[in-house]
Amino acid sequence: MFILQAAPEIHPFAKTGGLGDVVGGVVRPLAELGLQSATIMPLYRRVRESRPALARAAEFEVTVGEKTRTAVIWKGVYPGTQVPAYFVEEDSLFDREGLYGGLKGDYADNAERYVFFSRAVLDAIPALNLPVDVLHVHDWQTALIPVYLKTIYAQSPAHSRIRSLLTIHNMGYQGLFWHWDWSLTGLDWSLFNWKQLEFWGKLNFLKGGLIFADFLSTVSPRYAKEIQTEEFGCALEGVLRDRAKELVGILNGVDTAEWNPATDRQIPARYSAADLKGKAVCRAWLRKKMGLPECAAPLFCVVSRLVEQKGIDLLAAVMGDFVASESQLIVLGTGEDALQRALVDAARRWPSHVAVEIGFNTGLSHEVMAGSDAVLMPSRYEPCGLTQLYGQLYGTVPVVRRTGGLADSVQDGVTGILFGEATVASLTAAIRKTVETWRRPAEWNRMVLNGMKQDWSWARSAREYAALYARLAGAAGKTA
Ligand code: ADP
C-alpha cells in the first residue's frame with residue numbers, strides 16, 4: 001500500500017499551525033509500521049531557507065484556467081527517514097514571504113495558487129511513477145484534489161484506482177472565492193450548484209472536498225460529531241451530516257522528542273513521573289523569572305493565541321478570581337489587541353498574582369509548561385488542541401472546557417478538570433475547584449501522575465491512520 005500525503009504545509013519544512021505538525025508527525029511512525037509513503041507540498045521560500053537537499057525529479061506543464069504554468073518537482077527525504085518528500089516549484093506563486101498571505105492579509109491569488117498545486121500533485125503521480133493507493137489531502141488548499149479525481153482525472157489509468165482521504169483541521173477555514181475564480185478550476189460549470197461546490201454564490205474549495213473525498217477525518221472524535229451541528233459546522237453541517245458514515249476523528253499527537261520533561265533542555269531541571277523533584281525547581285525558577293512571589297497555592301498558566309476562539313475574553317473577565325483564590329496565573333500569548341491590553345492591565349493591577357508575557361516564545365512555553373501546576377483552556381471550540389497534551393506530559397493538570405479534542409483527551413478527575421460552559425461563571429467555578437483539589441495533595445498528585453503516564457505519541461495517531469488507509473485501499477481493491 002502506498003500513501004501520498006499532499007498538504008499546504010509540512011513540519012519541519014514550513015508551517016503556520018497544527019496542520020503542518022500532523023502531516024509531519026505521522027511520517028516516521030507510518031514508515032515504522034511498514035507503510036510506503038511520500039509527501040508533497042509547495043516549494044515556498046521558507047522551504048528553501050530551511051535548505052533541504054533536493055534533486056530535480058520531473059517537469060511538466062499544468063493547466064490553470066486559460067494559462068499553462070510549468071511545475072518543477074524536486075525530491076528530498078523527510079528528515080530522519082527514507083520517506084520521499086516532493087516539492088512543487090513555481091516561483092511566481094510560491095516564492096513569497098508568507099505561506100498564505102502577508103501583512104496585508106491573504107494573497108489575492110490563493111485560488112490560483114492552490115488550483116495549480118492540486119493539479120500539479122495529480123500530474124506528478126504519473127510523472128514520478130508513484131503507485132498511489134490512497135491520496136491523503138489536508139484542508140481547503142488541497143480539497144479540490146478529491147473533486148478532480150472523480151471528474152477530470154476519473155478515466156485516467158494513473159488515477160482511477162486512487163482513493164482519497166480529506167482531513168479537516170479547522171472548519172473555520174474553507175477557501176471561499178468569488179465565482180469568477182471558477183474558470184481557474186477547469187471544472188465543468190454544472191458542478192457550481194448549491195449541492196456541490198457553490199456556497200451562497202461563491203466557490204467553496206472545502207465543500208468540494210467534503211462531498212467528493214472517499215473518506216473524511218478530523219483531528220478528534222468529538223470535533224467529528226460537533227461539526228455536524230449548527231454551532232460548530234460553520235454552515236457546512238448539513239454536508240457533514242450527509243457524510244456522517246464516512247467521517248471519523250483521529251486525535252493529534254505530540255512530538256515527544258521535543259516535549260518530554262525527562263530530556264527537555266529548554267527547562268531548568270529535568271523530571272519524570274518517577275522523580276518529580278525537578279518540577280519544583282522549574283516552578284521556583286518560573287516564579288522568579290516572571291516576577292511572582294512564592295505562594296502556597298497553585299500556579300495556573302495559559303499558553304495560547306489570544307483570541308475569542310480560545311475563550312481569552314472569558315479569562316480576562318475572571319482575573320480578579322486569581323486574587324480571591326490566592327492563586328497565580330502566567331499568560332504567554334499573542335493575539336487581539338483589546339485582549340492583550342486587558343491581560344496586561346490585570347498584571348499591572350495584581351503583580352503578585354498575574355504575570356503576562358506578550359509574544360510567541362517557544363523556549364518560554366516549555367519553561368511555563370514545566371513550572372506551572374495547571375494549564376487553563378477555556379476554548380469555545382477546539383478541533384484537537386495541543387497544550388492540554390503537553391500539560392499532561394509535564395505534570396501540569398489541564399483545566400479545560402468540555403469541547404472537541406479537549407473533551408477527548410482529558411478525563412475529568414482522572415487526568416484533569418473539565419468544565420461545561422463557555423461562561424464566566426463556569427470558568428470561575430473551575431478555577432475554584434482546581435484550587436480546592438490542589439489543596440488535597442493525594443488527589444492532586446494522582447492526577448499529575450495519571451497525566452504523565454498517557455501515551456500522546458504520534459505512533460498512536462499513525463496506527464489509526466494506517467487502519468483507515470487499509471480500509472480505504474481494501475475497498476478500492478474490491479471495486480477494481
Ligand atoms: P491552535 O493551533 O489553535 O493555535 P493548539 O493548542 O493546537 O492551538 O496549538 C498551539 C500551539 O502553539 C501549541 O504548541 C502552543 O504551545 C503553541 N503556542 C501558542 N501560543 C504560543 C506562544 N505565545 N508562544 C509559544 N508557543 C505558543
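Here the label points at A127 and L103, each 7 Å from Cα along the C-beta direction, are separated by 3.5 nm in the simple model.
Taking amide H as placed 1.01 Å from N in the peptide plane, the amide H of V354 sits under 5 Å from that of L329, each at least 5 places away or on another chain.
Between helix 441-452 and the chain there is an angle of about 20 degrees, using the helix long axis and the longest principal axis of the Cα atoms. Note that region 277-455 carries a Kirkwood radius of 15.7 Å, evaluated over its alpha carbons pair by pair. A cut-off of 5 Å between modelled amide H atoms, ignoring neighbours fewer than 5 places along the same chain, links H136 with L4, Q5, A6, L165.
Using helices alone, I'd like the mean residue ellipticity at 222 nm for the chain: each DSSP H run of four-plus residues gives -39500 (n - 2.57), total over residue count, nearest 500.
Values: 19 runs with 184 residues, N = 480.
Rounded to the nearest 500, the figure is -11000 deg cm²/dmol.
Can you put D264, D242, D412, D21 in order of accessible area, largest first, using a 1.4 Å probe?
D242, D412, D21, D264
For region 340-352, putting each phi into the Karplus relation 6.51 cos²θ - 1.76 cosθ + 1.60 with θ = phi - 60° gives couplings of 4, 4, 4, 6, 4, 4, 5, 5, 5, 6, 10, x, 7 Hz, in residue order, rounded to whole numbers and with x for Gly and Pro. For K67, a cut-off of 20 angstrom between C-alpha atoms picks up these aspartates and glutamates, skipping any fewer than 8 places away in its own chain: E59, E89, E90, D91, D95, D109, E112, D123, D181, D188. For the chain, the Cβ-based charge dipole about the Cα centre amounts to some 980 debye (Lys, Arg positive; Asp, Glu negative; other atoms uncharged). Working from Cα positions, state the angle (0 to 90°, nearest 10) between the long axis of helix 277-289 and the longest principal axis of the chain. Taking Cα atoms only, the helix is inclined about 90 degrees.
About the Cα centre of region 277-455, how large is the charge dipole given +1 on each Lys and Arg Cβ and -1 on each Asp and Glu Cβ? Please answer in debye to the nearest 20. Mind dumping the intermediate values first?
On the way: 20 positive and 18 negative charges, 102 e Å.
Roughly 480 debye for region 277-455.
When nucleic acids and ligands are ignored and a 1.4 Å probe is applied, R270 ends up with an accessible area of around 80 Å².
Taking the Cβ of Q454 as the centre, find all other residues whose Cβ is under 13 Å away and add up their charges (Lys, Arg: +1; Asp, Glu: -1). Provide the component values of the computation, followed by the final result.
Details: positive: K453, R460; negative: D408, D455.
Summing Lys/Arg as +1 and Asp/Glu as -1 gives 0.
Assuming 0.36 nm per residue, please report the length gained on full extension of the stretch V323 to W178 beyond their Cα-Cα distance. If you can, show how the numbers build up before the last one.
Numbers: separation 145, 0.36 × 145 = 52.20 nm, distance 5.04 nm.
Gain on extension, V323 to W178, equals 47.2 nm.
Principal axis extents of the C-alpha atoms in the chain (largest first, rounded to whole Å): 69, 45, 42.
What accessible area per residue comes out for the chain, rounded to a whole number of Å², with a 1.4 Å probe? It would help to have the intermediate numbers written out before the result.
Details: 19520 Å² over 480 residues.
Spelled out: the 1.4 Å probe surface of the chain, per residue, equals 41 Å².
Within the full protein context, the accessible area of D181 is estimated at about 30 Å² for a probe radius of 1.4 Å. The charge dipole of region 191-276, taken about its Cα centre with unit charges on the Cβ atoms of Lys, Arg (+1), Asp and Glu (-1) only, comes to about 200 debye.
Quick one: net charge of L166's neighbours, Cβ under 14 Å, K/R +1, D/E -1?
+1
Between P351, Q388, V399, the Cα set farthest toward the positive side of the dipole of region 277-455 (charges on each charged residue's Cβ, about the Cα centre) is that of P351.
Figure the gain on full extension for V344 and K195 (residue separation times 0.36 nm, minus the Cα-Cα span) and round it to one decimal in nm.
Working: separation 149, 0.36 × 149 = 53.64 nm, distance 4.76 nm.
Gain on stretching V344 to K195: 48.9 nm.
Identify all lysines with a Cα-Cα distance to K195 below 24 Å; exclude those on the same chain that are fewer than 8 residues away in sequence. K195 reaches K150, K207, K225, K245.
I40 sits with roughly 0 Å² accessible to a 1.4 Å probe, with DNA, RNA and ligands left out of the calculation. For the set V344, V368, the ranking by accessible area, highest first and with no ligand, DNA or RNA atoms included, is V344, V368 under a 1.4 Å probe.
Between the DSSP loop rule and a limit of at most 14 other Cβ atoms within 10 Å, which chymotrypsin sites (Phe, Trp or Tyr not before Pro) in region 165-260 are left? It would help to have the intermediate numbers written out before the result.
Details: sites: Y173, F177, W178, W180, W182, W189, F192, W194, F199, W200, F205, F212, F215, Y223, F232, W259; in loops: Y173, W178, F192, W194, W200, F232, W259.
For chymotrypsin sites (Phe, Trp or Tyr not before Pro) across region 165-260 that sit outside H, G, I, E and B with at most 14 neighbouring Cβ atoms in 10 Å, the list reads W178, W194, W200.
Backbone amide hydrogens, once placed in the peptide plane, bring G186 within less than 5 Å of G65, excluding anything fewer than 5 places away on its chain. Count Lys and Arg as plus one, Asp and Glu as minus one, and take only other residues whose Cβ is under 13 Å from that of G233; the net charge is then -1. For the chain, the share of accessible area belonging to carbon and sulfur comes to 52 percent (1.4 Å probe, ligands and nucleic acids excluded). Comparing L210, S118, S461 along the charge dipole axis of the chain, the residue lying farthest to the positive side is S461, per the Cβ-charge model.
Between the helical axis of 18-32 and the longest alpha-carbon principal axis of the chain there is an angle of about 80 degrees.
Using DSSP, restrict attention to beta bridges with both residues in the chain and report what percent are antiparallel, rounded to the nearest 5. Let's see the in-between values first.
On the way: 23 of 72 bridges.
Percentage antiparallel, nearest 5: 30.
Find me the longest stretch of the chain that has none of the exposed GluC sites (Glu not before Pro), where exposed means in a DSSP loop (not H, G, I, E or B) with at most 16 other Cβ atoms within 10 Å.
In short, 98-229.
Here the Karplus curve 6.51 cos²θ - 1.76 cosθ + 1.60, taken at θ = phi - 60°, turns the phi angles of region 212-229 into couplings of 9, 5, 5, 8, 10, 9, 9, 8, 7, x, 5, 5, 4, 7, 4, 5, 8, 10 Hz, with x standing for Gly and Pro. Shown are D188, D214, whose ranking by accessible area with a 1.4 Å probe and every protein chain present, most to least, is D188, D214.
Using alpha carbons only, how many angstrom separate the centre of region 218-262 from the centre of region 138-183? Region 218-262 and region 138-183 have Cα centres separated by 19 Å.
The 3J(HN,Hα) values that the Karplus relation (6.51, -1.76, 1.60; θ = phi - 60°) gives for region 314-327 are, in residue order, 5, 4, 4, 7, 10, 4, x, 5, 5, 6, 4, 8, 6, 9 Hz. Gly and Pro appear as x.
Region 391-406 and region 335-365 have Cα centres separated by 21 Å. Think of region 28-78 as a dipole: +1 on every Lys or Arg Cβ, -1 on every Asp or Glu Cβ, centred on the Cα centre; then among Q36, T63, Y78, Y78 lies furthest on the positive end.
The values are calculated or read from the model by the stated rules, or taken from the named source; none is laboratory data. Keep in mind it's a predicted model, so treat the numbers as computed, not measured. Reconstructed Cβ throughout: ideal geometry from the backbone, glycine too, with neighbour counts over all protein chains shown. Only protein heavy atoms, including side chains, enter the accessible area calculation; ligands, DNA and RNA are left aside. Shrake-Rupley method; radii C 1.70, N 1.55, O 1.52, S 1.80 Å.
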